[in-house]
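J.: Okay, handing you the structure first.
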Amino acid sequence: MKREKREEGSNSIDKISELPQDILQRILYWLSQEDAVRTSVLSKSWRNIWCTRPNLNFSDATFKGNMHQFLSVVTPLYNCIVIKDLEELPSVVFGAESLQDLHLAGFVLHREAIERMVLFKNLTSLSLQRVSIEEGIFEKIISCCPLIETLDIKVSSVLRKIIVKNLYNLKYFSFSDDVYRPASFEKELYISYQYDGDFIPSISFATVTSTEWISDIHLTCELSHDASSWFIKLHELLKSISQSKISLHFDRYSLNADRDGIRENINMVQDINGGNKHASVVVEKFKFNWLPLSLISSILNGVFSICRPRNIEDFLCGDKGEMKRIERLWKILTERKITKEDRF
Amino acid sequence: MAAETGTPTTLTLKSNDDELFSVAESAAILSVTIRNMVEDGCAGGVIPLDNVDGKTLASVITYMNGISAIPADEEKKKSYRDKFLSDKDFETLADMVLAANYLNMSCLMDAVSAKIAQVMEKKSVGWVRRKFGIENDYTPEEEAAVKEEHKWTFEGVETDDDN
């Protein structure tokens, strides 16, 4: 069926095709991938303009041509690449020396995939989301990218240890297991961990003294028969970032043992750390939500034996038990022995 | 730069068809190109803008004055831009995007290029060709091959009559 679609204001002179390529790229920037790619059918001069639009999306869902062939053509042209949900990462990406911004999502990064990796000497931003990556491979990648300023990692149960000691330009660092939480980068050096897993990642940084860091740590409080080692690991993490202004949040807790066992176990933290009180890390703000009332006292004891919070906030949920909760908390805090080390 | 304090400085801009325009420096420096000239001290006399014609420059200056009168309120600026561009035909938009590019005015560049993109959004190839007067210089075989390569982009778009 033929349909006449004369539009008013049709142009007889082809003014749009005469626009410089970089302006056409800017125009295509505003279109969906689909609309942008479709312009290749308009005429010969439009054939490849979409390939270099600034926000080209490499994900499988929106790009269905021959991915590998395509990447080998365009990768050298880009300094920002976003790749999502491909079965394997095209090795050509790792050959792109000029790359400044690499955003990978939904990958398994194998050893073979990075074998051909070159030094990303210009890479300033690396984002890994839903990327399964082993510690060794992560280290290898990081060691190839000395100029990284922004590191946003939302992954991967496999990656538990992060060593970024060679990243002297690091300004923003986020490590989270919540792929849907947007990273908020505001501060000069902003470290953010949001981890709900059953472990505490171990992180070591290059020593930066000139900048003021903010560390924002969100964790699920692990209450098990081995709660003490959870606290000890947390202590290690806090120590590794003790140069920064730390804000510590227990967003949730997971209860994997009977309460008496947990209480007893947490008390061991004090003994383990007992001889070493001065090593306690100063924490600017400690905030907890929804901790079980019967364990608050023990948990606070655990916290106090590994760090010295300047401010404590309890999340107020406003129910009937609230007053009781506040009274209890007040009691714990006031009855707590004020030792010499607790004063500032 | 020898700007006198207290009195607002006015610049004179000259289009490529020799029209002269006066504009407050504070508005004109929305253009990075002009700002650089001002900062380099080259803005003393008349600033020639060789790539912009008088009609387009008049329009750009209207925009400069309009947008710089709005205090830092992105919402209001956006609605001003929308209103400013609402009655412009494609010819004018094409001239403006070129001028914005030459003058290095990113906010105008973004607004105009987005406006042009809006016209193409979700439209069939035939419709876009007619709208912009783009001549199809593919042979039927070549066009079929390109279409085949990007077949997925034709899902959900109105089919059109010319291929």
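J.: Quick one: grab the alpha carbon gyration tensor of the stretch B:2-120, order the square roots of its eigenvalues as a ≥ b ≥ c, and give me rounded if a/c is under 1.5, else prolate or oblate depending on whether a/b is larger than b/c.
T.: oblate
J.: What's the average, rounded to a whole number, of partner chain beta-carbon atoms within 10 Å of each residue's beta-carbon in B:114-121?
T.: 6
J.: Have a look at B:Tyr102, B:Tyr80, B:Tyr138 and tell me which one the Gaussian network model of chain B (Cα, springs below 10 Å) gives the largest fluctuation.
T.: Highest fluctuation of the listed residues: B:Tyr138.
J.: Once you've got the GNM for chain B with C-alpha springs shorter than 10 Å, pick whichever of B:Ile47, B:Ile134, B:Ile67 has the biggest mean-square fluctuation.
T.: B:Ile134
J.: Do any of A:Lys44/B:Lys122; B:Lys115/B:Lys151; A:Lys154/B:Lys115; B:Lys76/B:Lys123; A:Lys154/B:Lys151; A:Lys239/A:Lys287 go past 24 Å between their Cα atoms, and which?
T.: Long pairs (Cα-Cα over 24 Å): B:Lys115/B:Lys151; A:Lys154/B:Lys115; B:Lys76/B:Lys123; A:Lys154/B:Lys151.
J.: Continuing with the same structure: Over both sides of the B-A contact, add up the buried accessible area with a 1.4 Å probe and give it to the nearest 100 Å².
T.: Buried area (both sides, nearest 100 Å²): 4000 Å².
J.: Any chance you could give the angle, 0 to 90 degrees and rounded to 10, that helix B:90-103 forms with the longest Cα principal axis of chain B?
T.: The angle comes out near 50 degrees.
The values are calculated or read from the model by the stated rules, or taken from the named source; none is laboratory data. Everything numeric here is computed off the predicted structure, so don't read it as measured data. As a convention, Cβ positions derive from the backbone with ideal geometry for all residues, glycine included, and neighbour counts pool all protein chains shown. Accessible surface areas use protein heavy atoms only, side chains included; no ligands, DNA or RNA. Shrake-Rupley method; radii C 1.70, N 1.55, O 1.52, S 1.80 Å.
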